[in-house]
Amino acid sequence: MSNATKAKLQEEVNRLRDRIAELERQLPPDPRFTRPVVDNTTHGLSGEYDRLRRNYRKEPVGLCCFDTELRYLDINEFLATLNGLSVEEHLGRSVGELFPELAAEIEPQLRQVIETGEPIRDGSVIAGTADQPGEKRYFQHNYVALRSDDGNVIGVSCAVTDITDRKRAEEELARREELYRRVIDGADSFAYQLDYITDRYVFHDAGIESLIGYKSEEMTHERWTEVCVELQGRGECAELSYDEAFRRYLAGEIDVWKADCLCRTRDGSLQWIYDVAVPVFNDQGVVTGSLGILHDLTERKQAEEDLRRSEEKFRRLTEDIPVSLSIVQDGQRVFTNKSAKRVTGYSRDELMQMTPGQLLDREAHERYSKMVQECREQGVTSRGEFRGKDKEGNERWVDYSVTQIEYEQRPALLGASIDITDRKQVEKELRTTTDQLRIILDALPVISYTCRPDGDFGATFVGGNVLQLTGFSADKFTADPSFWADRIHPDDAPGVFEGLANLFERGFHEHEYRWKIEDGTYLVFHDNLRVVKHADGSPSHLVGAWQDVTEGKLVTDALQRNEEQYRTLAENSKDYILRYDREYRHTYANSAALQISGKTAAEYIGKTHREMGFPDHLCQLWENAIDRVFATNQPQGEIFDWTSSEGTATYDWRVFPELNGAGEVVSVLGVSRDISELKRVADELRESEERLNLAVRGTSDGLWDWSIETGKEYWSPRFKELLGYGEGIETTCDQCLAFVHPEDKADVLEAVRLHLEENLPYDCEYRLRTRCGEYRWFQARGEAMRDEDGKPYRMAGSIRDITERKVIEESLLESQRFLSKAEAMAQVGHWRLVPENGEIIGSDSLFDIFGISREEASLDSFLNAVHPEDREYDLYHIQRGIDYGEDWNIEHRLLLKDGTISVVQAIGEAVVDETGKTVLLVGTVQDITARKQLEEKVRQHQEQLAHVARLSTMGEMATGIAHELNQPLTAIATYSHIVKHMLNAPTTDRQGIQKTLDKLEGQTLRAGDIVWRLRNFVQKSPSNRVPTDLNALVKDVARFVDSDIRQADVSLQLSLGDACPIANVDAIQIQQVLVNLVRNAIDAMDEMPNDRRTVTVTTQISEDNLVDVSVCDVGKGLREGEFELVFDAFYSTKRQGMGMGLAISRSIIEEHGGRLWAESNRTTGTTFRFTIPHGDSHGGQE
Amino acid sequence: MGDKNEKARTVFIVDDEPAITDALSSFASMLDLTAKSFASAAEFLQYSESEGLPDSACLIVDVRMPKINGLELIERLTALGIDIPAIVMTGHGDESLRQRSAELGAVAFLEKPFRPDEFKEIMRLAMGMENDS
C-alpha cells in the first residue's frame, strides 16, 4: 500500500508482533494432556488412554506428569533425552533430586498447581540441555492439574516447549523493526477518502492523528476547513483562491487537487501539509468525494520559507543599496536593481536587453571580460574600475566587482557597481590643478611650501625652485623635519618661533629671518604663512611662500649709497615701488606703478592716496602701515585687493624704513607685487582638497593611511564611523589589528605581508569589531608606496562594509545546504529538465539515489538506471509531460550499477507556457525501498497472523464441524448397509439399489465438500487476490457456519443485493472475516430467546461505489465506547474467545483498502459492516 | 403378528437432518419395521398427542435440534407419562451428555457415525425383538 505511513506501519508492526506472542501463549492447551482423567471404563474409550500413552512417550514436545510429592509419574522420551536421563531413571524421583538447579524454579509452580488446581499456562524456564549444557535455552512450561474421579488433584501434567528460536526471532524482529523505524523517518503521508454528501471521511488513515492531532473519526470536511488556515494551490489549483479552486474541483474542471495547506493542529502549532486528491465521481459524473493523500511538508516549507526570506532580504537590500547590482546568467542579465538606473540612465527593461559590453569603453570592456573570466575560472571576487558612457552619453566611471553566486540553483555572476564618476572627476581636477600649481610655483622666485601645523613645522612639500635659490633639493626639507629650523640664523631663531606661536590665532603670519644656504652664506628670507583649516576649524597644514629678499635688502642699502643705481633697479622692477614721507605723500613712483595706476609721475608725486582717490579702507590700511614703519623702524607688510584698470588683483605690499645716517627713518619705501595668481592657486588648492575631503566623506568607504615607519595610521572620519567611533580613537596599526576578528588576524597579516614583500594585490575580507562589540565584515584594499629601492614606507587604502553582502551570501548558502541536507535525510532528490535541449539538473540526493555521478548527468544516464522492465513506463510519463503537460506520480524500480534494486516514488510536474507548450519539467524522486520492504514484511505478518487465527477459529469450530461431518457419514454407513442387505435379498430390487446408491453418493459428496472447505480455510497460501463475487462468497460462508448456526439454534438470513458485488480480494481472508463476524453475531445472541435469534448478512453496492457487506445481529448490543474497543486485540465481550478475531478482521479489510466498523442497530443489536473498493480497479494509485 | 404387533414395530425418528431421517427410515424398512420421521421434537409431540403412540415402539432422537432438543423431548415424554424406549444419537457426544441421557432412562447413547450392525442390535433390544429375526 503506497500510502501506508510511518506511524501506521510502526503501530501495525508492534500490534502484530504482540498479537503473535499473545496468540501463541493463549492457544488452548493440548487436549491430549487433559484426557488421562477420563474414566476409561466408560463406553468406547478403553484403549484410547493406552494409545495416548504410547504416543505421549514419543511426542516431539516434552511431556511429563508429577504426583503430589512432585515425583515423576511419567515422562516422554523427548523430554527425558533433553534432561539427559532415561525414562526409567526419572520415574519415582523428584525434580529436586534429579535437577537441583531447576528445582527452585519448577517446584513452586508445581506446588501452586497442586494447591489451587488452576493451570499455569506460561511458566517459563531458562536452562541448558543435556547435550549442550552451556547454551541457555528458553522453555515454556504449561502445567495442568491431574484429577481423580472425585475431582481431587492427584498430580500435575506438564508440557515443555522449547521456544528459544521464537524468542530469538522475536528479538531479531524487534531489532530490525527499530532499524526500519529509523530508516523510514521522514516519509510521512496519510491517505483519506472524503464523502461530500455526508461530509464525512469515509476513510482516514489513523496516522493522521500524528499529523494534525485529530483522530481520523473526529475529522469532517468542515473541521478540515477550520484546521487549514492558509492554502496555496499548486498545479491546476495554483493562483486560485480556495473557494474558486474548490468550485472548479467540484465542477470536475480540476483533475488533481494539489495544495499546500497551513494547518493549525489540535495543540495550536502550525504545520504545512501537502494535500493531493482526486475527485470521486458517482454514476452521474457528479463529484461526491475525494480520495487523497496528505503529506507532511513542514520541513520543506520551512526550507522554502527560509530560502524565500533570504531571497527577499537579498532583494530588498539589493534594491535599496546605492550600489548598482546585476546578476548575469549565461551571458544574459537576469536581475538588476533600481540603482542601476541611477548609474546608467537606462531603465531596468532596457538594461535587461543589454550586455555589459554595450556600456563600457572598448578598453574597459576588454579588461572587464578578462576580469569576469578570471572570476568564473578561479571563483574569486574580482574588481576593477571601468569607464563607460551612460544613456545621455556622459562619461561615467564605475567601481565594479564581480562574484560567482548560485542564483536559482544555477551558477551566475553577481556584479556590483558603484558610481565613482564624481570621485574620478575630483581626482582628475585635483591632478590638473596640482600640476598647474606646480608649474606656476616653480616659475616664481617665491618658494612655495606646505608644512605641518605643529611641532617642528616639518615641511611636507617644498617647491622645486628651492634648489636654484638655496642649493638644496626639496627632499632635504621634506625628508628631515628639522632641516629648515636648524639653518635659521641663531640670532633670528627665537623671534621666528615666537612669531609662529601667534600664527594660529590670526591665521597668517609674515616674518623675515636669515637662513644659511648651501654655500654657507646667510640670505634674508621673507616668509609668509597661512593656516589651511579642516572643515571643523582645526589646522590641517600650513601653506607658505618663501622669498629671498636679500637682494631687496642689498638694493635698499645700495640706494642709500647710490640713489641712481637703486632708481635704475626700481624703474626696471616689475614690482610697484613707491616712496612715502611722514605725511603719506608719494615722493617716488616707479614706472610699473605709474603704468598700473594709469597716472603720470606728476599726478603721484606730492599727493597722498586719499588725494588721488584711492578707496578709504585701503588708504587707512596703508597709512597705518606707514605709521608703524616710522614708529618701529621695522618693515611692515599688508595684502590687499585693488581694482585697477586691468581688473581686480591681490597685492602683497611691503613697506621698508629708509634710514638716514643717524639711523632715523626719513622715508618709507613700499613695494607691491601682484600675487593674485598665487592666491588663486592656493585657494584652489584648498578648495580642491576640501572637495576631496567631501568626496572621501561622501563615499561609503573608510580610508586609511598607514605610515609603516611610525606605525601611525590616518583613519578617515568615515572609517571611524564604520567602526562606531568618533574622532577620539587612537589610530595606530596595532589598534587596528586589535579590532580584527581573532580568526581573521592571521589572514590579514599574511595578506599585508604578501603585498609588502611580494607585491601581490592587497584585497582581503575580514571582520572588525565595532564599538558595540559586534563584528562586521569589511573588504579592505590598499597599496603601498615605495621608495626608490622599492622599500615600502607607507600604505594606504580603503575599507568597505560588506556585512550585508556576507550575510546574504551566507544565508543563501545556508538555505541551500539545509535543503540538500533535508533532501538527503528524506532520501528525496529533485530535478529539472528542459525538454528543448535535454538539459537536466539534479540535486545531490538525486545522484545518490540513481547511483550516478554529477558528471554523467543526462536524461539517458538517469533512464539507464531505471529498471529495464519499468523504463518504458517511466519514459511514457515523461513523454506525456512533454507532449501534453501532464503531471505524474508513479512508483518504479531502479536497477543501479552495483546491481541493487530499489523502489522509488517519482513525482513530476510539467511547467507550461501560455501557449500550452511544456517548457520545463520538474520533479522529485524518493527512495521508498525501505518502506516497500517494510510494507511487504507487514503484509507477511498479517498473512501469517490471519492463518494462525483461522487455525484457532477452526479449533473453536471443531465440535460443530465434526457434528456436521458425522451426519453424512452416518447416512453413508447406513445406506451402504442397506445396499448390502438389498444385494443379499432373494430378489434384486435394482431400482431401489440405484436410488439408495444415488443418495449415498450425494452424502459422500457432501462430506467431501465439508472436508474440502475445511482444508481450504486452514491452508496457508500466499495472498492471492482475484476478482471475486462477494455474493457467492457469502453463500459459501453460510454453509461453513451451518453447524454453528444449527447448534446455537439461530436463523441465518441472507439479503444479497441484485448488483454483482465484484471485488479484488483474497477469498479465503474475506471468508475468514465473514465467518468471524457471523460467529460473533451468533455468540452475541446467546442470551436471547431461541425464536428471535437471527443473523442477517447483507451485500450491496454503496452510493460511493464500494462493496458494502454487513452482518447484523439482534443481540444485546455493544455498550457505548465499545464500538472501537472491540477492534483492539485481546478485547473480548465473550467469556471464551481471545479477542483476536475482530482485530485480525480489521487488519484484513484494511489490507484490502477497505474499512470495517461497528454500528448500533436502531432497535436492538449491532451491525458490523465493511466496505471494500468495487471492481478490480483497486490499486490504481499504487 | 396382528395389528398390535405391526404397531409395536414402529420406529419414530426425530432429527432435523433430512439425510439421517431418510437413511434411518430406509434402514428400518429394510428390517421390516415401520418408520416415521419427524424434522423436529415439536412435530413428534404433536403427533403423539393427536395419534397416540403404540405400546411397543421405539424412539430414535438426535440430541441437537432447534427449539426443543432430544433430551428435552425425552423429559417431556416422561412428564406426559409416555413411556417409550429411546435411543439417543449425537454428532458429537461428551461424557456429561452420555450421563444425562442415561439418567433420563435412554436405552442407548450412540455417537454418529455409528455402525449399522450396532444400531440394528440396539434397536432390536429396544423393541424387545428376537436376536435372530
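Pairs A:LYS995/A:LYS1035; A:LYS389/A:LYS720; A:LYS167/A:LYS1116: which are spaced more than 31 Å apart, C-alpha to C-alpha? Check vs 31 Å cut-off fails for A:LYS389/A:LYS720; A:LYS167/A:LYS1116. Here the residues A:SER597, A:SER369, ranked from fewest to most Cβ neighbours within 10 Å of their Cβ, fall in the order A:SER369, A:SER597. Would you list the P(r) distribution for segment A:952-1022, with all Cα-Cα distances sorted into 10 Å bins from 0 and each bin expressed as a whole %? Result, from short to long distances: 19, 37, 23, 14, 7, 1 percent. Expressed as a fraction of 2.2 N^0.38 Å, the C-alpha radius of gyration for segment A:700-808 is 1.03. With the cut-off at under 15 Å, measuring from each backbone N in segment A:366-409 to a point 7 Å along the Cα-to-Cβ line of A:LYS917 picks out no residue. Taking 29 Å as the limit for the C-alpha separation, the pairs A:LYS258/A:LYS917; A:LYS136/A:LYS932; A:LYS897/A:LYS937; A:LYS516/A:LYS791; A:LYS533/A:LYS712 exceed it in the case of A:LYS136/A:LYS932; A:LYS516/A:LYS791. Taking label points 7 Å from Cα along the Cα-to-Cβ direction, A:ARG168 and A:GLU1122 give a separation of 4.5 nm.
A cut-off of 5 Å between modelled amide H atoms, ignoring neighbours fewer than 5 places along the same chain, links A:VAL866 with A:LEU895.
One chain, two ends: A:THR600 and A:VAL1026. Fully extended at 0.36 nm per residue, the span grows by 139.7 nm beyond their Cα-Cα distance.
The tail of the calculated P(r) for segment A:566-676, taken as Cα-Cα distances beyond 18 Å, holds 46 percent of the pairs. The alpha carbons of segment B:3-127 give a radius of gyration and a Dmax of 13.2, 40 Å, in that order. When only the Cβ of Lys, Arg, Asp and Glu is charged (+1, +1, -1, -1), the dipole of segment A:323-420 relative to its Cα centre reaches about 160 debye. From the Cα gyration tensor of segment A:188-296, with a ≥ b ≥ c the square roots of its eigenvalues, which class applies: rounded if a/c is under 1.5, or else prolate if a/b is larger than b/c, or else oblate? Oblate, because a/c is 1.5 or more while a/b does not exceed b/c.
Using alpha carbons only, the radius of gyration of segment A:752-796 set against its Kirkwood radius gives Rg/Rh = 1.13. Each label point was placed 7 Å from the Cα along the Cα-to-Cβ direction; for A:ARG628 and A:THR988 their separation is 17.4 nm.
Using a Förster distance of 25 Å, how high is the FRET efficiency between A:LYS995 and B:THR34, based on the Cβ-Cβ distance and rounded to 0.05? In this case the efficiency is close to 0.80.
In order along segment A:475-491, the Karplus-derived 3J(HN,Hα) couplings, from 6.51 cos²θ - 1.76 cosθ + 1.60 at θ = phi - 60°, round to 4, 3, 6, 6, 6, 10, x, 9, 4, 5, 5, 5, 9, 6, 4, x, 5 Hz, and Gly and Pro are given as x. Add +1 for every Lys or Arg and -1 for every Asp or Glu among the other residues with Cβ under 10 Å from the Cβ of A:VAL904, and state the total. Here the count lands on -2.
Each principal axis of the Cα cloud of segment A:827-927 was taken in turn, and the coordinate range along them, longest first, works out to 43, 26, 21 Å. Annotation for A:ASP1086 and A:TYR876: the two label points, set 7 Å from Cα along the Cα-Cβ direction, are 5.5 nm apart.
Counting Cα-Cα pairs of segment A:323-420 in 10 Å increments starting at 0 gives whole-percent bin shares of 17, 55, 26, 2.
Readers should treat all values here as calculations from the given coordinates under stated rules, not as data from a laboratory. Every value quoted in this text rests on a predicted model; they were computed, and no experiment measured them. Ideal geometry is used to build each Cβ from the backbone, glycine not excepted, and the neighbour counts take in all protein chains shown.
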